[in-house]
Structures are given as C-alpha cells and as structure tokens.
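The values are calculated or read from the model by the stated rules, or taken from the named source; none is laboratory data. All values derive from a computational prediction rather than experimental measurement. Cβ placement follows ideal geometry from the backbone for every residue including glycine, while neighbour counts extend to all protein chains displayed.
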C-alpha cells in the first residue's frame, strides 16, 4: 500500500485511475468470482475525484487518501444497499454509516462496493448467501471461506487492495487462510461495532483483510479506537503501525498447544505450520508446548451462544420494523410469511436452535452452562499467557474445500474448530499465509495474543511472511 500512497503523493497516478483499474478488474472477474453483491462505481469515482482535488490542493485527509476499499455487506453504509446477503434486506439502504465506515471516509478511502457473505454472517463458506456462492480465486471449484468470503476473495483476486470483514467465530481468519491473504480478528472492544448488523454482539468484531501484514496493520490503524456509540467499546487506546525490525523474535516465547495438532488436522496443514514454527525457532524464538484443553468444548459453547444471540438479534426482522413484508390478511400471518420467505435455511436453523436454548425449560441447562464454560475457556487462555507471549496454531484444519462438499451443518460448523476460542475469550488473532498444499491451495497460520497485543501479532506475522517466504498477494493483475 505504501507504493500506491507514494504514487498518489507524487502525482504519478491519480485516485481516479486507481479506482478505474479496480473497477476494470471487478468487471472482468465478477461473472465467475461473485465476490461483490453491490458495486457503486459512479460514487467511488466521485470520491476518487474529490481525493484528487484534495491532493492537488495539498490537503489530503491521510497518507491513504484515494486508495479504494470494499466493505462486507453486513456493515452499514449510508445510502448504499446493505443486504446481509439476505432476501429480507434486498432493498435496505441505511440512513447512516457504521463508525468504521465513517473512519474510512474521514481518511479519504473511496468505497467501491459491498462484498458477499453467508446470510447474516452465518456460515463458513459463503454458500449460504442469497446472491450465490463466492468462488476461491486459487481454484474456482472451491469455496472462499466464510462468512467474509467475498471480502477475502476480492482481495486475493486483485479486485480491491484491502477490505473489511467481520469475525464472530473465525469469519475473517478462515477465509483469509483459504484465499491466501492476511486477516485480523481484533481484541473485543477495540473496533466499534456501531452500525454493524448484529449476529452475536458479545462475539462480533470488525477487522481488516489485506495482501500483506503491513497493509492489514495500516488498515487496522484507521479502525481502532473508542466509540461512545458502542457500549462495548474499550477505553481510549492508541494503535500505531509497528516498526518491522526482527530483533523482537529473539527470546519470544511461543506457545504451541497440543490440542490444535491432533485428530482432524490435515497432514499438509500441520507440516506447513510446523515448518513456520521451525523457522521462527531458528531465528531465536522459544517454542513451549502448552495445553488448551478447553478448546475441546469451544465449538459446542460457541454454537450455543451464537445461536442464542442470533435468535435475539434477528427478532427485529418481522416485515414491519425491518425487512421485506409479505402480503397477508392479518398481522400474525404477515410476520410468519415475511420471516419464512425472507430468511434462508441456515438462518432459520440457527434461530430455531437459539430460541430452544433460550426457552425457560432449557435456559439453565444450555445457555447458562455455555456461559460458565466460556468463562473457563477465557481463564484457560489467560493462564497460558502467563507462560508465553503468543500462541501459534493452524488457522483451519484443511485447505479450502470444494463447493457443495459439506452437506452436514455440523461438518460445516467444525470449520471454526481452531478459531472460535479467540472470540470466546475476546483476544486478538491473526491469520497469515504460511504455505501451500500439494494442489497449490493456500494454508494459514494463526497467531493469537493477549488482549490489545495486536502490535506484537503484526510484527510476528510480518516476520513469518519474510522468513517462511509465503507473502500474501493477489492472484489477479496488480496495479
């Protein structure tokens, strides 16, 4: 991104030319890739022209003024459709911007469009979108991951230099791993959730996707900070893009949890991650075997809580307050028909499960018990950070799977086997490319740190890029 910023600063290229380039890539690739739900080229060009005018007058809003971005379609954008990949919100245009969108606009980044996702961010493959599956740029017979599959695929394909996603149980990191890009799930509370369509408010976080760690850190610096509009926002903290020296690696204590290298992990994924760990050890890091035994309960706990919160969050979609309204003779029938026609099968499944676990007869046995286990998981994680500085695991058990390969919902849920723990405990987690399998599909390494340790995660991720030699990059043409 520094190259683009330098070209803009020295007037070797205009923002309008950059936006036109990426619009051309979108036009060329979208018929098969399907990473975008909405592209607003006219508005992006208008914003680019305004950026060029500011630079001509020597008053850019930031170093990155004029570099376009794509936004996941569950993040509110004023006047621009925000569908959540659902028929229910097919024509919804928010009257306001999410805080993260306002931050990007204040930095001068033109918004080129909204990216595809699993409906209401419920899924791990972007196959549950009402607008069709997003294909993986490395192999279009395979999924891009989910739920931020459109954001990851657009970056990987070179349709956009960076993008925003959301992560509730792995929805930034898993598609980042599948598509060979960098993705961060930030510390809970460091990025505002105001204007983000809620799935599970105690787990949701907005984060960056980019081709390199440095670009992801740069984008995160534009997002991080307190927000009085978000009751869960953390107290004021400043994030600055770190320096990229390698001295920090000497003596760095890296925890390697045995539970993440066991049954269910593909041998090629394990080989790639262990190769990366070996390279870090050769440079002076100290590998420490640790146990995170509560991860055995992470998926069950996550699914119980996320379905319960989803049931509550989606209760407002009734065809009156929100969403498309079905024709009916009475209000009860209208509510039922609107929800039946508006929601897809996975959303209905999670609403029913969540309503069940929140029912009076099952609340204590399921929801309250899941909250207790969540506390134990958080305690387990925090105890580990008394011994180590960071924890490294695979991001996903396998490389990207074929479209349609996972017909069982439970099998799909297990895609979050290694990522849900970070959301349950609120810690930051970064996925960085660490190799490819024998078919040339990208593989990801997950780096987890204690709360508000994003700077360390970025520094270590950057070191992995340079040491292991697998730096993220777009499959498509570069500017």
Exactly one of 251, 264 is out of contact with any helix residue (DSSP H, G or I) (no Cβ under 7 Å at 6 or more places or on another chain), at positive phi and without any contact (Cβ under 8 Å) to a residue 60 or more places away in the chain, and that residue is 251
Determine if segment 284-292 includes at least one residue that is over 22 Å from residue 460 (Cβ atoms) and either crowded, with 17+ Cβ neighbours inside 10 Å or in contact with a strand residue (DSSP E or B) (Cβ under 9 Å, 6 or more places away or on another chain) (or both). no
For segment 316-359, the count of residues that are farther than 19 Å from residue 130 by Cα and either at pLDDT 95 or above or in contact with a helix residue (DSSP H, G or I) (Cβ under 9 Å, 6 or more places away or on another chain) (or both) equals 11
Within segment 322-329, can one find any residue that is under 30 Å from residue 248 (Cα atoms) and outside any loop (DSSP other than H, G, I, E, B)? no
Sole miss for residue 12 among (1) surrounded by 16 or more Cβ atoms within 10 Å (Cβ to Cβ); (2) more than 30 Å from residue 133 (Cα to Cα) is condition (1)
| residue 69: surrounded by 21 or more Cβ atoms within 10 Å (Cβ to Cβ), closer than 24 Å to residue 216 by Cβ and within 15 Å of the chain's Cα centre (by Cα), yes or no? | yes
Expected single match for surrounded by fewer than 24 Cβ atoms within 10 Å (Cβ to Cβ), closer than 17 Å to residue 257 by Cβ, under 22 Å from the mean Cα position of the chain (by Cα) and touching a residue at least 60 places away in the same chain (Cβ under 8 Å) among 423, 450 is 450
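Yes/no per residue for (1) surrounded by fewer than 16 Cβ atoms within 10 Å (Cβ to Cβ); (2) outside any helix (DSSP H, G or I):
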{"residue": "248", "(1), (2)": "no, no"}
{"residue": "255", "(1), (2)": "no, yes"}
{"residue": "272", "(1), (2)": "no, no"}
{"residue": "294", "(1), (2)": "no, no"}
{"residue": "314", "(1), (2)": "no, no"}
{"residue": "337", "(1), (2)": "yes, no"}
{"residue": "354", "(1), (2)": "no, no"}
The residue from 367, 356 that alone is on the phi < 0 side of the Ramachandran plot, under 26 Å from the mean Cα position of the chain (by Cα) and not assigned by TED's automatic domain parsing to the domain that holds residue 125 is 367
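Let's see how each residue does on (1) surrounded by fewer than 20 Cβ atoms within 10 Å (Cβ to Cβ); (2) over 20 Å from residue 431 (Cα atoms):
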residue	(1), (2)
196	no, yes
205	no, no
209	no, no
212	no, no
216	no, no
219	no, no
235	yes, yes
Query raised in the report: Is one or more of the residues making up segment 308-315 modelled with pLDDT under 95 and out of contact with any helix residue (DSSP H, G or I) (no Cβ under 8 Å at 6 or more places or on another chain)?
Result: yes
Residue check, residue 428 at pLDDT 95 or above, farther than 26 Å from residue 382 by Cβ and surrounded by 24 or more Cβ atoms within 10 Å (Cβ to Cβ): no
